[in-house]
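What follows is a short report on a single structure.
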C-alpha cells in the first residue's frame, strides 16, 4: 500500500508538503502545478488516507454555514488596490479549495448596510472598519476575523502586519547604504464606519514609525515629509513632483506603497532625474510589478496571500468552537533590488 513517503519520493517534495497538500491545508502556499503533480501521483499509486477523509468530514460540517466578506472598495475600483485585492482573492481561493462558498460579499463603497449581515454565521472583514457593537445584525455574528486591522484583540480574531517593523526594515536598509537625508511619501489612513459614508482619519503607522525612527537617529526633517489624501498612483506622482520643487530635497525616499513609488518614478523621469543616482527609493508592498521597474524597486514584501489564507483558517477554527481570540502578525521581508544602489 502506497504511503505519503512514496508519493514524496516520486514527486520530489518533502513528506510534510505532500501530507498538507493531500489534506487540503488552506495555510499551505504551493503552486497549482505542485498541487496537481502530487494528486496525480497519489491517484496513480492508488493512495488512500484516513486523514484526508477525516479532514473532508470535518470541513463538510461547515459547508452549510453562511460566510460573509466585507470589503472597502467597489468592484470597479478594486483592481486599483492590489494589496486588498490579493487578500480577497486568496480568501476566496481558500474557501473554494475547502468546497465552501462565500454567501455574501458586502462592499462599503456600495453603501451596503447592517441588513446585509443578516443570517451570517461568520464574517471576514478586509480593511479598516468600525462597527456598532450594539447593532442587532452585528451582534448575532459570533465568528468574526479582521484582516489588516485589529479593533479589539480581546474580542475579535485578526490578521495584521507590524508596519513598525516593516518601516524599520526599510529605513535600516537606506541607512546601511549610507543615506541620511531621507524623505517620506505617504498618506493619511482612515477607519471606515460600516453602514454609513463616514470615515475617520488616523495617522498611518508607516508615517508614525518613520517619524519615531528618524527622530531617534537625529535625522528627522519635517520639510522632507509629503503626505496626500490616499495611496494612489496619482497621489504618489503629485507628491514627488511637489518634493522636486523644493530647493533642498532628500537623497532618498521611503514611499508608503509600491503604486505610489511606481508613479514617483514617472515624476523623477520627467524631471530628468535617475533612480538611484539622483534619488534612491525604497517602498512597501512587494507587488509583482515592482520587480519590472527600471531599475527594479527595492521593497518590503507584505505577504497578502498568507494573510488571506490565515484569515480563513482562523474563521474555521472559530466556527468549530474556539473561544479565545487570536491575533496573528504575518512577518514581512525586504526584497533588495537596485533602486537604492548596488
Quiz item: Among [x] 1.00; [y] 0.94; [z] 1.12, which one is Cα Rg over 2.2 N^0.38 Å computed from these coordinates?
Solution: [z]
Practice problem: Quick one, can you get me the convex hull of the C-alpha atoms of region 163-302 expressed as volume per residue in Å³? | Solution: 114 Å³
Quiz item: Antiparallel DSSP bridges in region 163-302: what percent, to the nearest 5?
Solution: 20 percent
Quiz item: What's the angle, to the nearest 10 degrees (0 to 90), between helix 304-319's Cα axis and the longest principal axis of the chain?
Solution: 40 degrees
Quiz item: Roughly how many nanometres apart are two label points built 7 Å out from the Cα toward the Cβ at residue 39 and residue 294?
Solution: 4.2 nm
Self-check item: DSSP bridge orientation in the chain - percent antiparallel, rounded to nearest 5
Solution: 20 percent
Quiz prompt | Cα centroid separation, region 191-211 to region 66-82 (Å) | solution = 18 Å
Quiz prompt | Efficiency of FRET from Cβ geometry, residue 269 and residue 180, R₀ 25 Å, rounded to 0.05 | solution = 0.50
Quiz item: Most mobile of 283, 19, 86 per a Gaussian network model of the chain (Cα springs, under 10 Å)?
Solution: 19
Exercise. Report the label-to-label distance for residue 246 and residue 3 in nanometres (one decimal), using points 7 Å from each Cα along the Cα→Cβ vector.
Key: 6.5 nm
Quiz prompt | Order of 7, 287 under a 10 Å beta carbon neighbour criterion, fewest first | solution = 287, 7
Quiz item: Expressed as a rounded percentage, what relative contact order does the chain have, with Cα pairs under 8 Å and six or more residues apart?
Solution: 18 percent
Quiz item: Fewest to most neighbouring Cβ within 10 Å: what's the order for 39, 194, 253?
Solution: 39, 194, 253
Quiz item: Quick one: if you take sqrt(5λ) for each eigenvalue of the C-alpha gyration tensor of region 230-336, what semi-axes come out, biggest first, whole angstrom?
Solution: 37, 13, 11
Quiz item: Which of 43, 241, 66 moves most in a GNM of the chain, Cα contacts under 10 Å?
Solution: 43
Quiz prompt | Near-label residues of region 264-292 by backbone N, under 16 Å of a point 7 Å along Cα→Cβ of residue 342 | solution = 275-278
Exercise. Identify which of 186, 130, 218 has the largest mean-square fluctuation in a Gaussian network model of the chain, with springs joining Cα atoms closer than 10 Å.
Key: 218
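Values quoted throughout were computed directly from the atomic coordinates according to the rules given, and no laboratory measurement underlies them. Just so we're clear, the structure is a prediction, and the values are computed from it rather than from any experiment. Every residue, glycine as well, gets a Cβ built from its backbone with ideal geometry; the counts of neighbours run over all protein chains shown.
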